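Undergrad: The structure's right below; bear with me while I get my questions together.
The values are calculated or read from the model by the stated rules, or taken from the named source; none is laboratory data. Bear in mind that the values here come from a model prediction, so they are computed numbers and not experimental data. Don't worry about glycine lacking a Cβ; one is built from the backbone with ideal geometry, like all the others, and counts go over all protein chains shown.
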Amino acid sequence: MRQARFLAPGAVAGVRSGIYHCVSRVVDRRRVLERAGKEQFVKFMRLYEEFCGVRVLSFCVMSNHFHILLEVPPRPAEGLAERELFRRLGLLYSEAQVEEVRELIRKAKKTGNRGGVEEMKERYLYRMWDLSQFMKSLKQRFTQWFNKRHGRKGTLWEDRFKSVIVEDGYTARVVAAYIELNPVRAGIVQKPEHYRWCSYAEATAGKVPARNGIERVMSEFEEFCTGRKVAKKWREVIASYRVILFTDGEERLRKEERTGRVEVARRGISPADAERVRKKSGKLSRSEMLRHRVRHFVDGTAIGTREFLDGLFRENPARFGPRRKSGARKIRECDTPLCSLRDLRDGVSREN
């Protein structure tokens, strides 16, 4: 039997490192997370993912709850380089606040106060490589944003979040697909790529963090099945994952014994759509890939050939940062000559 390699001091009975399926629900299960709220939640999630040094493998934000499959690595024995610490602090705090921390550490070093240096660092390091701190920070930050936007006070989430430790390999793959299929099983969309606030939709739209999460899940799944590491190109990885999603998410029917009537036992992807995906081995056509990148058509400022966009850039250089050298940005992971003027990487406000 293949051993779960992630186990290290942490999760159950005080273990911290590992892979977890985390769920948290809005108070009274109210459906209050609208489009803007889901967008903001994902931004905060990615922000704290980077700050805490954890990895989101799969996620889905629904209107009254969210799922995250989260990998929490062990805290590195060698600690964190100061340059990296300050970089992470810059994700959450202003330049002035980061400089204040840097100056305090500098003064402690100058006086030979090594204990003071480590104490100062620990004020921030304890929030890293930790499941509870990641979830606490994410939920609190989003609650602050949500309350301010809606003029409300108090808690937004039910009690503490729930988490289940997940074995790497096949189990993690099953849980990742379960998370992606939430909006399909709820009858919100017919296919997972049609739901914007899940990792599969983000990955097919070219988002690197979502892509990295799926690659991580699938690489361990492949090793579980074959017993060896298998290097695959991204298009092969996402095609395999697509077949898995459409197979796992296929609608299930049952025949009622008394009446003989066939009814839906579990909502999901239509058998015809699932079969089409299997026949094509999960591969997407050019037009399908373009549709999955629809956000570029909505939020991209301008879209067209590289020559057209570079021309716009040369005519309006003041609208872009001083480091920008060209206008065209390739629509990621899409076999098309079209480009976008924006890379669609939005910033997030810092902590006060």
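Undergrad: So which of Glu78, Glu99 is acidic (Asp, Glu), free of Cβ contacts under 8 Å to residues at least 24 places away in the same chain and part of a helix (DSSP H, G or I)? Steps first, please.
TA: Working: Glu78 fails: part of a helix (DSSP H, G or I).
Of Glu78, Glu99, the one residue that is acidic (Asp, Glu), free of Cβ contacts under 8 Å to residues at least 24 places away in the same chain and part of a helix (DSSP H, G or I) is Glu99.
Undergrad: Would you point out which residue out of Leu47, Leu85, Leu57, Leu70 is in contact with an Asp or Glu (Cβ under 6 Å, 6 or more places away or on another chain) and either more than 29 Å from His194 (Cα to Cα) or at pLDDT 95 or above (or both)?
TA: Answer to the check: Leu57.
Undergrad: Something else about it: Yes or no: Gly249 more than 21 Å from Phe134 (Cα to Cα), in contact with a Leu (Cβ under 7 Å, 6 or more places away or on another chain) and either in contact (Cβ under 8 Å) with a residue 40 or more places away in the chain or not aliphatic (A, V, I, L, M) (or both)?
TA: In short, yes.
Undergrad: Return the residues of the stretch 246-266 that are surrounded by 15 or more Cβ atoms within 10 Å (Cβ to Cβ) and out of contact with any strand residue (DSSP E or B) (no Cβ under 8 Å at 6 or more places or on another chain); say none if nothing qualifies.
TA: Hits for the stretch 246-266 are Thr247, Asp248.
Undergrad: Taking the condition of being part of a helix (DSSP H, G or I) and under 13 Å from the mean Cα position of the chain (by Cα), how many residues in the stretch 183-216 meet it?
TA: Filtering the stretch 183-216 down to residues part of a helix (DSSP H, G or I) leaves 183-185, 192-194, 199-204, 208-216.
Of the ones still in play, those that are also under 13 Å from the mean Cα position of the chain (by Cα) are 199-204, 208-216.
Number of matching residues: 15.
Undergrad: Here is a follow-up. Can you say whether Val262 is β-branched (Val, Ile, Thr) and modelled with pLDDT under 80, as far as the supplied structure shows? Write out each step before concluding.
TA: Details: β-branched (Val, Ile, Thr): yes; modelled with pLDDT under 80: yes.
It is true that Val262 is β-branched (Val, Ile, Thr) and modelled with pLDDT under 80.
Undergrad: Scan the stretch 28-74 for residues that are assigned to a strand (DSSP E or B), in contact with a Lys or Arg (Cβ under 7 Å, 6 or more places away or on another chain) and over 25 Å from Phe86 (Cα atoms) and report the count.
TA: 3
Undergrad: So which residues in the stretch 241-263 are acidic (Asp, Glu), assigned to a loop (DSSP other than H, G, I, E, B) and under 38 Å from the mean Cα position of the chain (by Cα)?
TA: Glu251
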